[in-house]
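The values are calculated or read from the model by the stated rules, or taken from the named source; none is laboratory data. Just so you know, these numbers come straight off a predicted model, no measurement behind them. Note that we place each Cβ from the backbone using ideal geometry, even for glycine, and neighbour counts take in every protein chain shown. Please note that ligands, DNA and RNA were not included when accessible areas were found on the heavy atoms of the full protein model with its side chains. Shrake-Rupley method; radii C 1.70, N 1.55, O 1.52, S 1.80 Å.
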Amino acid sequence: AQKVTQAQTEISVVEKEDVTLDCVYETRDTTYYLFWYKQPPSGELVFLIRRNSFDEQNEISGRYSWNFQKSTSSFNFTITASQVVDSAVYFCALSEERDSSYKLIFGSGTRLLVRP
Amino acid sequence: DAGITQSPRHKVTETGTPVTLRCHQTENHRYMYWYRQDPGHGLRLIHYSYGVKDTDKGEVSDGYSVSRSKTEDFLLTLESATSSQTSVYFCAISSDGSYEQYFGPGTRLTVT
């Protein structure tokens with residue numbers, strides 16, 4: 001069965017620290033997609049990144065970086081030099097394709113608190 | 001930002017009453033989804049649509065129905081609301097060939 005596990009329920013760091021959010025997934029599909037979404041205190045869900053299963057290159061976008069490792073079924077998210085504005089709940093998600101429809105399976109989320 | 005709106009944004013209703021939530025998009029995307037968000041569960045798919053009048057069930061569809069008579073509108077109905085349906089409901093859209101979904105602002109529903 002498809003499943004996404006975010007074992008870290010809540011993380012608290014001090015501003016400027018680096019922090020890594022873990023995501024482990026299970027899937028029977030050979031082609032799949034992984035995602036990260038951010039939900040700030042205002043409540044909206046913001047798309048951050050999509051990664052294809054056939055592309056294991058790590059990605060960096062400013063202070064954000066993502067480490068995708070198929071061997072360990074992990075797609076971890078690192079924030080470098082964290083800022084208070086990074087405080088949010090972060091969701092990892094896995095795509096599931098069934099009958100030409102694409103659905104997302106979400107992890108339970110990791111709440112990140114960045115203290116000044 | 002994707003043009004997705006949800007109405008109402010907040011609603012308080014009593015157990016046993018029918019409730020309809022509306023999702024409206026201006027992107028002409030084919031796929032639309034309804035999720036609910038509850039503490040400790042992340043987001044769970046209720047129903048989705050892959051075209052006008054084409055819908056299917058998600059993971060937690062019991063007690064919910066949907067309709068899509070126009071590309072731009074996707075309605076979620078709770079026929080007889082229960083307290084277990086108190087939640088935040090999100091609508092999402094995605095286009096053909098695009099796997100990422102874009103979310104509306106959410107509707108906070110409280111069933112008393």
Worksheet item: In percent, what relative contact order does region A:1-102 have, based on Cα pairs under 8 Å that are 6 or more apart in sequence?
Response: 35 percent
Discussion item. Quick check on chain A: of the DSSP beta bridges with both residues there, what percent are antiparallel, nearest 5%?
Written reply: 90 percent
Worksheet item: Roughly how many debye, to the nearest 20, is the charge dipole of chain B about its Cα centre, given +1 on each Lys and Arg Cβ, -1 on each Asp and Glu Cβ, and no other charges?
Response: 220 debye
Practice prompt. Can you tell me the dipole magnitude for chain A around its Cα centre, using point charges on the Cβ only (Lys, Arg +1; Asp, Glu -1), in Debye to the nearest 20?
Written response: 100 debye
Discussion item. Relative contact order of chain B, please, whole-number percent, based on alpha carbon pairs below 8 angstrom and at least 6 residues apart.
Written reply: 36 percent
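Between beta-carbons, use under 15 Å as the cut-off and find the net charge around B:Leu109, counting Lys and Arg +1, Asp and Glu -1.
Around B:Leu109, the surrounding residues sum to +3.
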Worksheet item: Using a simple charge model, +1 on the beta-carbon of Lys and Arg, -1 on the beta-carbon of Asp and Glu, nothing else, what dipole does the protein assembly as shown show about its Cα centre, in debye to the nearest 20?
Response: 360 debye
Fill in: Table column - 3J(HN,Hα) (Hz), region A:43-58, Karplus curve with 6.51, -1.76, 1.60, x for Gly and Pro
x, 6, 9, 10, 6, 10, 7, 10, 10, 8, 5, 8, 10, 9, 5, 6
Worksheet, complete the sentence: The farthest towards the positive end of the charge dipole of chain A, of the residues A:Leu94, A:Ser74, A:Gly62, given +1 on Cβ of Lys and Arg and -1 on Cβ of Asp and Glu, is A:Leu94
Worksheet item: What's the carbon and sulfur percent of chain A's accessible surface, probe 1.4 angstrom, rounded to a whole number?
Response: 47 percent
Discussion item. Loop-only trypsin sites (Lys or Arg not before Pro) in region B:10-112, please: DSSP not H, G, I, E or B, and at most 16 other Cβ atoms within 10 Å.
Written reply: B:Lys53
Item to complete: Report, ordered by chain and residue number, the lysines lying within cross-link reach of A:Lys3, taken as a straight Cα distance under 23 Å and ignoring same-chain residues fewer than 8 apart.
Response: A:Lys38, A:Lys70, A:Lys103, B:Lys57
